[in-house]
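K.L.:
Below: one structure in structure tokens.
The values are calculated or read from the model by the stated rules, or taken from the named source; none is laboratory data. Note that the coordinates shown come from a computational prediction; the quantities given were computed from them, not determined experimentally. Backbone-built Cβ (ideal geometry, glycine too); neighbour counts: all protein chains shown. For accessibility, only protein heavy atoms count, side chains too; no ligands or nucleic acids. Shrake-Rupley method; radii C 1.70, N 1.55, O 1.52, S 1.80 Å.
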Amino acid sequence: MLTLLHFRRRLGLGVFLTALGVMHFLETYLAAVFYVELPFGTVSPGSSILFAGKLMLILLLYIKEDAETVRQPIYGLFLGNLMTVAIGLLLQFHAVDGVGPVKDAAFIKEMGWLMLWGTTLLYLDSVAIILLYERLGRFMPRRVVPRFLLSGIALLTFDQIAFFGMLHAFFDVPSSAFWSGWAGKMLAAFIYATIYFLYRHMRRAGEPYAATRPLADVFGDLTFRERYEDLLARSGRDTLTGVFDRARMEIDVPAMIRESLQSGEAISTVILDVDHFKSVNDRFGHLAGDEVLKALADLLRNAIRGEDRLYRFGGEEFVIMLPRLDHPQAMERAEHLRRLVASTLSTADRVAVTISCGVASGPEDGVNFAELISSADERLYTAKGEGRNRVCGQPSGSVADA
């Protein structure tokens, strides 16, 4: 199933949804009639492995796609199970070829009601696991796999309590199977979280975001969020350099700083400015100056980490946000960028392009957007006043070109 989801862009999600539907009937049937003995007790692979996998895959589908997509299989499974119940009721009271009542009609009906109950729980589980995953994002915004695991543990525990009651009532499943089934689901949750970790590591997936969700019309709200995020990702770009612009920075950076400091992680800001940029425009014209800015933006974009954010602050000034880097680390990163620019970029007359940088880090230099930007900006002007082509940070933290 994870392989199908991986190839969703090429194959389409129809293959995934069809496989999910088949797995839904199979796991319900196995949960009702098939159990195996394991060292920790009697376990149904249908309930402990297939259902746990289905719920975790629905959460993964939400993370990789959006809420509009993830609700489709849930509604489809629910309607399909209603049809199964209806067919079972019809078959129970009709004969086939004069032989008499269909012998398996009662079983079909019981399976239909069990699947209907299971799908009702699946709907509740799916809404709740998404809400819990998002809520945990407030406390661990960058720890995606632990959020994935904890959400699965909580909802699989709830489902075990609710679904086992129906199994016990309809199929006389012994009470001893409850704890062994719960243990099996917990083991499955850890296995699927490990698979997800490996999947993220191989795909180098981006960090999902965290948000607050009202319960009412949750799927509509989440779908709106996905579309808004997609629109936001496509907007807020500087038309010359292609990096994020100042308006986008004023949206992103306050939240980035708040999340980092709330989770106890450092975050640093670098403001950099092209030295003597006015002389480039005066000597070679503004088009040549634009080419310097575009080349600088490309160089910086390729040199920073995937989690870093680059913004054009205005004119020849750029801002780089460095999550999880304290001040000494940020100074090293800024110095690396300064040296890289000086050794790579040049004007039309082959004079090296250099930059000056100001570095500030939270929480030492501030705990919000305005304070960090202000501190970094002051240090940028200090760097320019001390001769340019240097990095200035906290006291005793300046680095100049040798």
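K.L.:
Of all residues in segment 275-284 being touching a residue at least 40 places away in the same chain (Cβ under 8 Å) and assigned to a helix (DSSP H, G or I), which is surrounded by the most Cβ atoms within 10 Å (Cβ to Cβ)? Outline the logic, then answer.
P.N.:
Narrowing segment 275-284 to residues touching a residue at least 40 places away in the same chain (Cβ under 8 Å): 275-276, 280, 283-284.
Okay, now just the ones that are also assigned to a helix (DSSP H, G or I), so 280, 283-284.
On the way: 280: 24, 283: 14, 284: 15.
Filtering first and then ranking leaves 280.
K.L.:
Checking residue 142 against (1) out of contact with any helix residue (DSSP H, G or I) (no Cβ under 7 Å at 6 or more places or on another chain); (2) surrounded by fewer than 16 Cβ atoms within 10 Å (Cβ to Cβ); (3) modelled with pLDDT of 70 or more: exactly one of these is not met. Which one?
P.N.:
That leaves (2) as the condition not met.
K.L.:
From the list 4, 26, 55, 60, exactly one residue is within 22 Å of the chain's Cα centre (by Cα), closer than 18 Å to residue 74 by Cα and either modelled with pLDDT under 70 or surrounded by fewer than 19 Cβ atoms within 10 Å (Cβ to Cβ) (or both). Which is it? Spell out how you get there, then give the answer.
P.N.:
Details: 26 fails: within 22 Å of the chain's Cα centre (by Cα); 55 fails: either modelled with pLDDT under 70 or surrounded by fewer than 19 Cβ atoms within 10 Å (Cβ to Cβ) (or both); 60 fails: either modelled with pLDDT under 70 or surrounded by fewer than 19 Cβ atoms within 10 Å (Cβ to Cβ) (or both).
On inspection, the qualifying residue turns out to be 4.
K.L.:
Among the listed residues 70, 99, which satisfies the condition of being out of contact with any strand residue (DSSP E or B) (no Cβ under 6 Å at 6 or more places or on another chain), in a loop (DSSP other than H, G, I, E, B) and either at pLDDT 75 or above or on the phi < 0 side of the Ramachandran plot (or both)?
P.N.:
Numbers: 70 fails: in a loop (DSSP other than H, G, I, E, B).
The unique qualifying residue is 99.
K.L.:
Just name the residue that is surrounded by the fewest Cβ atoms within 10 Å (Cβ to Cβ) out of those in segment 296-312 that are aliphatic (A, V, I, L, M), touching a strand residue (DSSP E or B) at 6+ places or on another chain (Cβ under 9 Å) and in a helix (DSSP H, G or I).
P.N.:
Quick first cut of segment 296-312, residues aliphatic (A, V, I, L, M) only: 296-297, 299-300, 303-304, 310.
This time we only want the ones that are touching a strand residue (DSSP E or B) at 6+ places or on another chain (Cβ under 9 Å), so: 296-297, 300, 304, 310.
Next cut, in a helix (DSSP H, G or I) only: 296-297, 300.
Working: 296: 24, 297: 18, 300: 21.
Residue satisfying both the conditions and the ranking: 297.
K.L.:
Something else about it: Kindly indicate which of 194, 157, 212, 241 is at pLDDT 75 or above and loosely packed, with under 13 Cβ neighbours inside 10 Å.
P.N.:
Matching residue, one of 194, 157, 212, 241: 194.
K.L.:
Also: Quick check on this structure: which one of 316, 335 is more than 27 Å from the chain's Cα centre (by Cα), within 28 Å of residue 288 (Cβ to Cβ) and surrounded by 20 or more Cβ atoms within 10 Å (Cβ to Cβ)? Walk me through it before giving the result.
P.N.:
Values: 335 fails: surrounded by 20 or more Cβ atoms within 10 Å (Cβ to Cβ).
Result of the check over 316, 335: 316.
K.L.:
Now, a different point. Here is a list: 287, 272, 293. Which entry is touching a Phe, Trp or Tyr at 6+ places or on another chain (Cβ under 6 Å) and either surrounded by fewer than 18 Cβ atoms within 10 Å (Cβ to Cβ) or modelled with pLDDT of 90 or more (or both)?
P.N.:
Values: 287 fails: touching a Phe, Trp or Tyr at 6+ places or on another chain (Cβ under 6 Å); 293 fails: touching a Phe, Trp or Tyr at 6+ places or on another chain (Cβ under 6 Å).
Unique residue meeting the criteria: 272.
K.L.:
Residue under question is residue 43, and the condition is that it be at pLDDT 70 or above, touching a strand residue (DSSP E or B) at 6+ places or on another chain (Cβ under 8 Å), open to solvent by less than 30 Å² (accessible area, probe 1.4 Å) and under 23 Å from residue 191 (Cα atoms); does it hold?
P.N.:
yes
K.L.:
Then there's this: Being open to solvent by less than 40 Å² (accessible area, probe 1.4 Å), under 29 Å from the mean Cα position of the chain (by Cα) and on the phi > 0 side of the Ramachandran plot narrows it down to one residue among 362, 366; which is it? Talk me through it step by step, then tell me what you get.
P.N.:
Details: 362 fails: on the phi > 0 side of the Ramachandran plot.
One residue alone meets the criteria, 366.
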